[in-house]
Amino acid sequence: MLAAALISSSPCRIFSRYLVPKPSSFTLSRVLSPSAARFSIRSMADSAFKKVQIQRDDTAFDAYVVGKEDAPGIVVLQEWWGVDFEIKNHALKISQLDSGFKALIPDLYRGKVGLDVAEAQHLMNGLDWQGAVKDIRASVNWLKANGSKKVGVTGFCMGGALSIASSVLVPEVDAVVAFYGVPSPELADPALAKAPVQAHFGELDNFVGFSDVTAAKALEEKLKASGIPCELHIYPGNAHAFMNRSPEGLERGKGMGMPDGDEAAVQVAWSRFQSWMTRFLSS
C-alpha cells in the first residue's frame, strides 16, 4: 500500500509508511558518487517550449513556457542540475495532463547546467536562494499577467525545497506540490505556509536533513502547525528523484547509486499532483 497510515487530527492529511533510516553523517553532496558520469544534455521536448524573458528588480532571466495560453499556470522549479532535459520533461508532462496547465520553467542558474555531481553541487552552493524566491514570485506574476487566473508552484529536489519556501514567502502562489526537498529554516519556516501544500518523498531517500524520512516527518509537523490544507505522501521502496523516468535520467541515477524506482508510484504521484493542482487552481 502506498498509503499505510492516515493521520486525520489536523487539516493536513499525512499518508505514509515510515521507515527509520540508518544513522548517517553524509551530506547532500557526499551521498552521491563523485564518479557519476557526465552526460550530453538533450531534450526531445525543446521545440515545444517558448522562450521568454522576465524582468524583476534590476535583473532579467530567461524562462521556458509550454501549454495553453489561458490555462492555470504552474511554475516548475529545477533540480540542482539546472534547466536540463529532465525538468523540461516534467514541465511538458504537466502541460499535457488532462486538466490542462501552462507550465513555466524559470532559469534560476542563468543558463548554466551541471553535467556531473561536482558541477551541480557547485551551482547549488552558489545559488542566491533569496534571489531565487524573487525569480519565483516574478514568474508567478508573469503567468497571472499572461492569461493564468491562478498559479501553482512545483519543484523537484532543490526545486522542491524552493516550492515549499514559495508557499511561505510568495503571497501570490495559489497551491504548491513539492517533490523530495525541504527548505532550510534560514530560508523559510513551513509552519508559516500560506498556500496549500502537497509533498512527496521516497521512503529510501538518504539525503539526511533535506529529503529523508526524518526530514519529511519534521515537515509534516510544521505543515500541521500552519493550518493550511496539506498532504504528505511517502512512497515505499523509492529513493530520491524517483520521478525521473527518462532513459537519460535513469542512467544518471544508476551512476549515482540510485535504484530505478517504481513506475506505479510515479503514476500515483502524478495523479495526486493533478488532483491537487486542479482542486486549488480551478477558477
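Just to verify a result, which residue in region 241-258, among those that are in contact (Cβ under 8 Å) with a residue 24 or more places away in the chain and either touching a Gly at 6+ places or on another chain (Cβ under 6 Å) or of a type in the set (A, V, I, L, M, F, W, C) (or both), is surrounded by the fewest Cβ atoms within 10 Å (Cβ to Cβ)? Per the stated criteria, the residue is 256. The set of residues in region 94-113 that are farther than 15 Å from residue 77 by Cα and free of Cβ contacts under 8 Å to residues at least 60 places away in the same chain comprises 96, 100.
Filter region 221-232 down to the residues that are touching a residue at least 60 places away in the same chain (Cβ under 8 Å) and surrounded by fewer than 22 Cβ atoms within 10 Å (Cβ to Cβ), then identify the one that is nearest to residue 178 (Cα to Cα). The extreme case among them is 231.
Scan region 203-215 for residues that are within 26 Å of residue 171 (Cα to Cα) and surrounded by fewer than 24 Cβ atoms within 10 Å (Cβ to Cβ) and jot them down. Selection gives 210, 215.
Being more than 18 Å from the chain's Cα centre (by Cα) and not basic (Lys, Arg) is the filter here; which residues of region 230-257 pass it? Matches in region 230-257: 236, 237, 247, 248, 251, 255, 256, 257. For residue 272, all conditions in the list (1) surrounded by fewer than 17 Cβ atoms within 10 Å (Cβ to Cβ); (2) within 14 Å of residue 178 (Cα to Cα) hold save one; what is the number of the exception? Condition (1) is where residue 272 drops out.
Listed here are the residues, each with its yes/no results for (1) of a type in the set (D, E, K, R); (2) in contact with a strand residue (DSSP E or B) (Cβ under 8 Å, 6 or more places away or on another chain); (3) over 21 Å from residue 85 (Cβ atoms); (4) not in a helix (DSSP H, G or I).
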residue: 210; (1), (2), (3), (4): no, no, yes, yes
residue: 220; (1), (2), (3), (4): yes, yes, yes, no
residue: 231; (1), (2), (3), (4): yes, yes, yes, yes
residue: 245; (1), (2), (3), (4): yes, no, no, yes
residue: 249; (1), (2), (3), (4): no, no, no, no
residue: 257; (1), (2), (3), (4): no, no, no, yes
residue: 260; (1), (2), (3), (4): yes, no, no, yes
residue: 273; (1), (2), (3), (4): no, yes, no, no
residue: 277; (1), (2), (3), (4): no, yes, yes, no
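Only one entry of 199, 239 meets the criterion of being within 24 Å of residue 115 (Cα to Cα) and out of contact with any helix residue (DSSP H, G or I) (no Cβ under 6 Å at 6 or more places or on another chain), and that entry is 239.
Conditions tested, residue by residue: (1) under 18 Å from residue 12 (Cα atoms); (2) basic (Lys, Arg).
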| residue | (1), (2) |
| --- | --- |
| 174 | yes, no |
| 192 | yes, no |
| 208 | no, no |
| 224 | yes, yes |
| 240 | no, no |
| 263 | no, no |
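The numbers here are math on the coordinates, done by the rules we state, and not lab data. What you see is a predicted model, and the numbers here were worked out from it, not measured in a lab. Ideal geometry is used to build each Cβ from the backbone, glycine not excepted, and the neighbour counts take in all protein chains shown.
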